[in-house]
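Worksheet for the structure shown next.
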Amino acid sequence: CIIQCSIQCIIQCIIQCSIRPPPLAFHAMTFHTIDDFYVSDDDLKQSPSAKDGVSEEVERRLRRYGCSLIWQVCHRLDLSDASEASEASDVPDASSPDASSPLPMSVYATASSLLQRFYCKSSLAEYDVRIMAPALFWMSCKLEEAIVCDDSSRLRLRDVLVLFYDCICRGPGAIDRTDGADRTDGTDGSVYMLNVYSTFYASFKEAVIKAERDMLRCFGFVMHVEHAAPFVLTLGAQLGLASRKDILQTAYNIASDSLRTTLCVRVKAECVACAALFLAAERHGWVLPEDWWEGCGVEWNSMEACCRAIVEMYAEVDAEHDEGNNTTTNDGGDDGSATRAERFGVYVRLSTSFLTFDASNSADAIVIGPQELE
């Protein structure tokens, strides 16, 4: 009897398993191949910002302004080992992780590339670039492992927000590098210290954390980025430029500055690297081998388009600085309530729901003049 009952139970279980419905498919889980985020020129012209009524010029300026904010913070967070490495060699060695600080290049490149990608999927009228820039920077610090969890002096989100607030209030160009050189926009050298116990800081922090979550959902947690700068060093060595540090340094800077354009979402990193080397060689009067870019699988038309985009970006940045300096010099009625970015016309507030960065409010920040710093 026991054997018969066991056999009946086994048969019944087999029958139930055979008629059980198939497992549900997880349609929410998406899988992507690495380095597949590229859009066409038509997609850029029909971006979410354009559908919300943002002009192409304003979108281009705001994208560049967000990358400029990220660069300024990376520049000010440069670690000591970067300066030591620069004394030994002008060009960072891509094969050595200790050759330069992780903040100035890899974090900046990742954050800028993610910013360009994000605004291909979301609108500038919905997400303020002054909020997305620190959110993307903070996420890039995690992706590039620039934060040491066991270190008590590690970089904290509070430090990042304080630095971004100071850069936003100072305006564009305070530490804005173009074409490999530091440039200034006529700032008086004041420092804007954000009060971390103010209600504005709480709102600022909450908005950045929310933006980080929205960004992760937008990308589906796929955050891989290919950088053009490492390709510059590798390709330069193959072309016999290992001894020409000046050409490699210029090409490295051009590849970094190209992140302020949409090239990182339009073409592959190899094409941008070839364009950077081509412009650097032209600037220093160095003749490269004929059709050398074909060895990287890059077409001349694509590389020429990259060169044009980079040159146009430099021209636009110079025009913005000249226009802003003339405006701030001739207009003496500035009450200090607007940031320099707003007075330069680089930043445009596209929604009344965006936070107002008012450095004149003593409850939110303390302004320290250059004389007090001395």
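The values are calculated or read from the model by the stated rules, or taken from the named source; none is laboratory data. What you see is a predicted model; the values in this text were computed from it and never measured. Every residue, glycine as well, gets a Cβ built from its backbone with ideal geometry; the counts of neighbours run over all protein chains shown. Side chains are part of the model used for accessible areas, which takes the heavy atoms of the whole protein and leaves out ligands, DNA and RNA. Shrake-Rupley method; radii C 1.70, N 1.55, O 1.52, S 1.80 Å.
Count of the stretch 126-168 residues, restricted to those that are within 18 Å of residue 350 (Cβ to Cβ) and open to solvent by 30 Å² or more (accessible area, probe 1.4 Å), is 2. Residue 280 meets each of the listed conditions (1) in a loop (DSSP other than H, G, I, E, B); (2) crowded, with 22+ Cβ neighbours inside 10 Å; (3) small (Gly, Ala, Ser) apart from (1).
Scan the stretch 283-319 for residues that are within 23 Å of residue 60 (Cα to Cα) and open to solvent by 50 Å² or more (accessible area, probe 1.4 Å) and the total you get is 9. Could you give every pair whose Cβ atoms fall below 8 Å, whose first residue belongs to the stretch 151-164 and is at negative phi, and whose second residue is assigned to a loop (DSSP other than H, G, I, E, B) and at pLDDT below 90, counting only separations of at least 6 or pairs across chains? The qualifying pairs are 154/147; 154/148; 155/77; 155/146; 155/147; 163/77. Counting the residues of the stretch 208-251 that are part of a helix (DSSP H, G or I) and either open to solvent by less than 30 Å² (accessible area, probe 1.4 Å) or among the β-branched types (Val, Ile, Thr) (or both) gives 17.
With respect to residue 171, is the statement that it is modelled with pLDDT under 95 and crowded, with 19+ Cβ neighbours inside 10 Å true? Yes: the conditions hold for residue 171. Look at the stretch 296-314: where a residue is in contact (Cβ under 8 Å) with a residue 60 or more places away in the chain and at negative phi and a partner is in a helix (DSSP H, G or I) and open to solvent by 50 Å² or more (accessible area, probe 1.4 Å), sitting 6+ places away or on another chain with Cβ atoms under 7 Å, you get 296/270. Of all residues in the stretch 28-45, exactly one satisfies the criterion of being modelled with pLDDT of 80 or more, open to solvent by 80 Å² or more (accessible area, probe 1.4 Å) and either among the aliphatic types (A, V, I, L, M) or within 21 Å of residue 347 (Cα to Cα) (or both), namely 45. For the stretch 262-301, filtering for residues that are small (Gly, Ala, Ser) and under 23 Å from the mean Cα position of the chain (by Cα) leaves 5. Kindly indicate whether any position in the stretch 59-80 is acidic (Asp, Glu), at pLDDT below 90, open to solvent by less than 90 Å² (accessible area, probe 1.4 Å) and over 28 Å from residue 340 (Cβ atoms). No, the stretch 59-80 has no match at all. Against the condition closer than 30 Å to residue 303 by Cα and either modelled with pLDDT under 90 or touching a helix residue (DSSP H, G or I) at 6+ places or on another chain (Cβ under 6 Å) (or both), how does residue 181 come out, does it pass? Taking the combined requirement at face value, the residue satisfies it.
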